[in-house]
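Below is one structure, written out as structure tokens; comments come after it.
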Amino acid sequence: MTHLPLIKKATETDAEKLSEIFDNLLEDKDSEAYRANVERFGIPEEYVKKVFSKEALTKATTDKNMIFLVAFKENNEIIGFAQTILFGTEKAELDRMFVFPKESGKGVGTQLLQETISLLERQGITKLAVKAGKEETFARRFYEKNGFKLQGETTVKAPWGREIALALYELPLIPNQSGRRKRIEETRTSAL
């Protein structure tokens, strides 16, 4: 029997654990996570170490303009996370979401996204944006399946200096609502 993961707001302790996990992933150059992220996008290890450092992740747990959620298995093992940045009172951007490869395809990402949306709607946010790599077909399908609409494409210079082609998506939210699942099903039905 598959158990649904526990999704909760990240604490400082969670941030420390997550930082340790990423340190270990960086050490294993043959891991799927390393190849699919660091190698594929040419991200310098120093940059990854900085953004997933204990200090950076701990800061994210207390930032009032950020929602930082962590997914756990029933044994309290971290299996994914999502970080969302709030821009004012109406718009937010899903900055990053990561599900560890061994948990991919089990609905963890969908649950992280649904909980993020629920929290944003309760805060009165009306629009959620996300950027996905133009060539990241898995990520793009995931967002489209969950109701995001393509707004366009752009190329940006990443913080590590490389040009990256991105697809820009948005999802309209219904403030102060929690019935998200029904709306996703309606979106899927109307697309048929």
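Odds and ends about this structure:
- Some residue of the stretch 54-72 being at pLDDT below 90 and either in contact with a helix residue (DSSP H, G or I) (Cβ under 7 Å, 6 or more places away or on another chain) or charged (D, E, K, R) (or both): no
- When residues in the stretch 111-139 are screened for being surrounded by fewer than 18 Cβ atoms within 10 Å (Cβ to Cβ), of a type in the set (Lys, Arg) and modelled with pLDDT of 95 or more, 1 of them pass.
- Filter pass, Ala56 being among the hydrophobic types (A, V, I, L, M, F, W, C), closer than 23 Å to Val130 by Cα and surrounded by 17 or more Cβ atoms within 10 Å (Cβ to Cβ): no
- Taking (1) surrounded by 12 or more Cβ atoms within 10 Å (Cβ to Cβ); (2) more than 18 Å from Ile43 (Cα to Cα) in turn, Arg162 satisfies each apart from (2).
- When every residue of the stretch 63-78 is checked against the conditions, at least one turns out to be surrounded by 14 or more Cβ atoms within 10 Å (Cβ to Cβ), over 14 Å from Leu18 (Cα atoms) and within 14 Å of the chain's Cα centre (by Cα).
- Here Pro175 clears all of (1) modelled with pLDDT of 90 or more; (2) farther than 26 Å from Val48 by Cβ; (3) outside any helix (DSSP H, G or I) except the condition numbered (1).
- Residues in the stretch 11-20 that are surrounded by 17 or more Cβ atoms within 10 Å (Cβ to Cβ) and either under 17 Å from Glu46 (Cα atoms) or not charged (D, E, K, R) (or both): Ala15, Leu18, Ser19.
- Phe148 being modelled with pLDDT of 95 or more, under 27 Å from Tyr47 (Cβ atoms), surrounded by 14 or more Cβ atoms within 10 Å (Cβ to Cβ) and out of contact with any strand residue (DSSP E or B) (no Cβ under 8 Å at 6 or more places or on another chain): no
- Residue tally, condition within 11 Å of the chain's Cα centre (by Cα) and among the small types (Gly, Ala, Ser), over the stretch 112-140: 2
- In summary, helices (runs of 4 or more DSSP H) completely within the stretch 45-159 and bearing 2 or more residues that are over 27 Å from Pro175 (Cβ atoms) and either without any contact (Cβ under 8 Å) to a residue 24 or more places away in the chain or in contact with a Phe, Trp or Tyr (Cβ under 6 Å, 6 or more places away or on another chain) (or both) occur at 45-51, 54-62, 137-145.
The values are calculated or read from the model by the stated rules, or taken from the named source; none is laboratory data. Just so it is clear, the structure is predicted and the values come from calculations on it, not from any experiment. Note: ideal-geometry Cβ built from the backbone for every residue, glycine included; neighbour counts use all protein chains shown.
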